[in-house]
Each structure stands twice: as structure tokens, then as C-alpha cells.
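K.L.:
Here it is, the structure in full.
The values are calculated or read from the model by the stated rules, or taken from the named source; none is laboratory data. Keep in mind that this is a model prediction, so the values were computed, not measured. Using ideal geometry, Cβ is built from the backbone for each residue, glycine included, and neighbour counts are taken over all protein chains shown. We work out accessible area using only protein heavy atoms, side chains counted, and drop any ligands, DNA or RNA first. Shrake-Rupley method; radii C 1.70, N 1.55, O 1.52, S 1.80 Å.
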Amino acid sequence: MDNGPITFQSQLRSLYLDHHGWLCGLLQRKLGNPNDATELAHDIYLHLIQKGRLPPADESRCHLAQIAKGKVIDLLRRRRLEARYLESQALQPEPRAQSEEARAMVKEEIKGVDLALMGKSFKVRQALLLSRLNGMSYGDIAAELQVSVSSVEKYVALGLQACRRSVEAGLGQGACKPHSLIRVVEELS
């Protein structure tokens with residue numbers, strides 16, 4: 001008889017009961033918002049369930065803190081991207097202004113772009129966003145990132161390729177619709 005799922009469930013339950021309060025407190029200190037902290041804590045436990053592996057008991061807090069750090073960075077990066085986009089939309093003439101529903105859809109589309117770029121290095125993500133969202137020249141981006149112009153060209157190309165591959169792959173569960181992501185990427189281009 002296989003007790004694997006039962007053992008995993010009981011270990012997960014123990015991990016949750018032992019560390020959930022601590023994890024929420026850590027996240028609240030980092031984010032300043034109990035609602036975001038609770039939501040992110042649950043995302044961390046879902047992440048562990050999806051991985052199907054739990055850390056050893058003596059490494060639990062260290063492991064949870066490491067996952068939390070990555071989740072906080074992803075959340076803050078996504079929010080900065082959303083804020084930049086919404087700021088650029090606010091500067092558009094009135095006919096281009098969007099309803100709240102349209103803005104919510106755009107946030108989901110931006111999340112799709114963020115997911116497409118997630119596996120890429122900081123410089124690839126930053127170069128693409130500075131180029132397409134902020135309209136910076138490759139020379140200015142090179143100076144900002146302290147790299148050569150040819151590196152910036154390579155980074156932007158890699159970022160666009162990642163977005164295209166995500167569109168072609170259908171982006172998996174929970175991501176935005178491919179045609180919407182194409183539109184966002186084309187607006188960024």
C-alpha cells in the first residue's frame with residue numbers, strides 16, 4: 001500500500017500549521033499589506049504542492065523564506081509594470097482612455113508578458129521593458145544597464161522571442177489569451 005500522498009499531506013499540514021503565521025508575518029513586513037501577505041503565503045503553499053516536494057523540517061523556514069523572496073520580487077515587478085502601463089494610458093488622449101474592465105484585462109495581459117519573461121535574466125527583462133515601454137534608445141539602455149549596445153540588441157531580441165514562444169505555446173493554464181498577448185507585445189514593439 002502506497003502511503004506517499006498521505007505522508008505528503010500530513011507533512012504539508014504540519015508545515016502549514018507550524019509556519020503559516022510566521023510566513024504571513026514575514027510577507028506583511030515586506031509588503032506592508034496583510035491581504036497581499038495572506039494571498040502570497042497561499043501561493044507559496046500552492047507552489048510547494050505543485051512541486052510535490054517539501055523541505056526537511058530543519059530547513060523549512062529557510063526554504064519558505066527563499067520562495068517568499070522570489071514571489072515578492074515577482075509581485076512587485078508585476079505591479080511596477082502595471083503602474084507604468086497605466087501611467088502611459090493616462091497620458092493618452094481621451095479616446096484612447098480605457099474603462100476599468102479594460103484596464104483589468106490589460107493587467108492580465110501584462111501578467112502574461114511577465115510570465116513569458118519570467119525565465120529570462122534581469123537584463124533581458126529590463127532591456128525589453130526600457131525599450132518598448134519607456135521608449136529608450138538602445139544607447140541609453142546600454143548606459144543604464146552598463147553593457148554594450150549589441151548586448152542590448154541581443155537582450156531585446158531574446159525578450160521578444162520569449163514573448164512570441166509563449167504566444168505560440170498557448171501560455172499554459174491561467175495565462176492570458178494568445179491574441180491579447182500578441183496585441184500587448186505589438187504595442188510594446
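K.L.:
Which value, in Å², gives the accessible area per residue of the range 57-141 when a 1.4 Å probe is used on the protein heavy atoms? Before the final figure, lay out the partial values.
P.N.:
Details: 4820 Å² over 85 residues.
On a per-residue basis, 57 Å².
K.L.:
Here's a follow-up. How big is Rg to Rh over the range 1-121, alpha-carbon atoms, Rh as the Kirkwood inverse-mean-distance radius? Could the numbers behind the result be given before it?
P.N.:
Working: Rg = 18.4 Å, Rh = 16.7 Å.
That ratio equals 1.10.
K.L.:
I would also like to ask the following. Any of LYS51/LYS123; LYS30/LYS111; LYS71/LYS107; LYS51/LYS111; LYS51/LYS120 with alpha carbons more than 23 Å apart? Name them for me. Display every interim value, and only then the final one.
P.N.:
Details: LYS51/LYS123 27 Å; LYS30/LYS111 21 Å; LYS71/LYS107 17 Å; LYS51/LYS111 21 Å; LYS51/LYS120 21 Å.
Those over the limit are LYS51/LYS123.
K.L.:
Taking θ = phi - 60°, what integer Hz values does the Karplus form 6.51 cos²θ - 1.76 cosθ + 1.60 yield along the range 152-167, in sequence order, with x for Gly and Pro?
P.N.:
So the Karplus estimates, Gly and Pro as x, are 4, 4, 5, 4, 5, 4, 4, x, 5, 4, 4, 5, 4, 4, 5, 5 Hz.
K.L.:
Could I ask something else about it? Pop a pseudo-label 7 angstrom from the Cα along the beta-carbon direction at both ASP58 and ILE6 and give the gap in nm to one decimal.
P.N.:
In this crude spin-label approximation the distance works out to 2.8 nm.
K.L.:
Just to verify a number: what accessible area does ASP18 come out at with the full protein assembly present, 1.4 Å probe, Å² rounded to tens?
P.N.:
100
K.L.:
Please compute the modelled spin-label separation between SER148 and LEU91, points set 7 Å along Cα→Cβ, answer in nm with one decimal.
P.N.:
Each label point is offset 7 Å from its Cα along the Cβ direction, giving 3.2 nm.
K.L.:
Here's another thing I want to ask about it. Label-point separation (nm) for ARG84 and LYS107, each offset 7 Å from Cα along Cα-to-Cβ?
P.N.:
Modelled inter-label distance: 1.9 nm.
K.L.:
Right, another one. Among rounded, prolate and oblate, which fits the range 57-134 when a ≥ b ≥ c are the square roots of the eigenvalues of its C-alpha gyration tensor, a/c under 1.5 means rounded, and a/b larger than b/c means prolate?
P.N.:
Details: a/c = 3.35, a/b = 2.05, b/c = 1.63.
The shape class here is prolate.
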